[in-house]
Every structure is written in C-alpha cells, then in structure tokens.
Amino acid sequence: MGKSNSHPMDKEMMNSLVKYGIGKPFPRKHTVMDVDDVYGIRVFSPSQILESTKGTNNNTRLLITFQNTENCKVFASKEAPGFWKSTPKRKSIFDANKRHIGNIKISWYYYYNVDDGRDKSSSRLRQSEWQIREYYLTSKYLPQSKVERKNVLLTMMIKTKAANNNNNDKSDEKMQRIVLDKQDIMQSLQCLQL
C-alpha cells in the first residue's frame with residue numbers, strides 16, 4: 001500500500017468518515033445499513049442497493065455500515081445475478097501531515113450474461129458499469145478515547161460512464177489482427193532468409 005495521489009473526492013469522503021467516527025453528523029445524503037459482518041453490502045446487487053437506499057441521483061449512493069473490514073469476504077451465490085469483485089490494490093489516503101488516515105478498497109460488479117438461457121460460466125462473465133469504493137480508517141489514526149462509532153465503513157456506489165468489458169469483441173478483433181500481422185512479418189522474414 002504505497003502513497004498515491006488521491007482524488008479530491010476520496011479525501012473528502014475520508015475526512016467525512018473521520019468526523020462521523022468521532023460522533024459528528026455525516027454531511028451528505030446517505031443510508032445507514034444493517035449488514036452481514038462478513039459480506040457487508042456485497043450480498044446486494046446494484047439494483048437492490050438503488051431500490052433500498054436514498055440518494056440525490058440514480059448514479060450514486062452513499063452507505064454507512066458497521067463491520068470489521070478484516071472479516072470482509074466476496075459473496076458469490078448461484079442464485080445471485082452476479083458478484084462484487086475487488087481490485088487487488090488498496091489505495092491509501094494521507095492527511096496534510098502525511099499521517100495514514102485509512103484505505104479505499106475498490107470493487108466492480110460482475111454479472112453473468114445469460115440472455116440465451118444457458119448456464120452461468122466464466123466465459124459469460126461481464127464487468128458492469130457499477131463500482132463500489134469502500135472507505136475505512138486505520139485503527140491508529142484516531143485516539144480510541146475519541147472514537148464514538150467503531151468499525152465504520154463508508155461505501156460509495158457509483159455508476160461509471162461505461163463498462164470496461166463493452167469493447168471485448170473489438171479488443172478480440174485487434175488481438176487477432178496483431179497475431180495475423182505478426183505471422184505475416186515472420187513469413188516475410190523467413191522469405192528474406194531464403
């Protein structure tokens with residue numbers, strides 16, 4: 001977890017989380033959710049979250065949950081339309097004095113493209129445009145005597161402009177073209193050697 005240039009929005013969310021942790025009100029429209037301590041909001045699809053929460057628009061939701069982040073796991077069920085998959089890197093956020101405030105874990109919602117009625121398989125897995133950013137404080141940032149709300153996890157669910165996997169067919173075509181070009185080059189080189 002190296003130091004990174006963080007987005008102003010991430011710093012703002014982390015600062016709001018610090019204030020909320022010490023008992024102050026959260027400054028933005030949000031929903032406090034009672035969730036499973038292990039899976040958190042990962043048991044819900046983006047549409048379920050949108051339906052059960054309030055927000056200022058249809059593309060963003062702010063959720064506050066209380067869970068120990070060390071216990072968090074990916075939730076995958078055969079009945080579920082998809083699952084949240086986190087990116088391997090965690091982003092660290094630092095304050096003006098370069099003290100480590102907390103981390104952000106980013107997850108994308110993946111769904112199975114089962115329009116043709118066939119079984120779910122990894123080949124039918126598609127990344128959606130939905131992302132969750134989970135903000136949590138390090139245990140050392142705030143003195144324990146000041147903490148009024150423990151194990152607070154702030155989650156921002158946002159709809160990005162486009163899913164990363166939408167261009168799969170095009171990228172596959174590009175890869176095939178590159179392979180074909182490489183074969184042509186190799187054949188040309190072999191001809192030159194003859």
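Bear in mind these aren't lab numbers, they're just calculated from the coordinates by the rules spelled out. All values derive from a computational prediction rather than experimental measurement. Backbone-built Cβ (ideal geometry, glycine too); neighbour counts: all protein chains shown.
Stretched out straight at 0.36 nm per residue, the stretch from Gln144 to Lys24 would grow longer than its current Cα-Cα span by 41.6 nm.
If R0 is 41 Å, the Cβ-Cβ spacing of Lys54 and Arg99 corresponds to a FRET efficiency of close to 0.80. Taking each residue as 0.36 nm, the span from Ser47 to Thr160 lengthens on full extension beyond its C-alpha to C-alpha distance by 39.2 nm. Summarising the label geometry, the points placed 7 Å from Cα in the beta-carbon direction at Phe66 and Met9 lie 2.9 nm from one another.
Potential lengthening of the chain between Ile106 and Arg124 amounts to 4.3 nm, from the contour at 0.36 nm per residue minus the alpha-carbon distance. Between the range 38-69 and the range 133-153, the C-alpha centres lie 19 angstrom from each other. Using a cut-off of 24 Å between Cα atoms, the listed pairs Lys54/Lys91; Lys19/Lys159; Lys19/Lys105; Lys98/Lys140; Lys19/Lys98; Lys105/Lys150 include Lys54/Lys91; Lys19/Lys159 as exceeding that distance.
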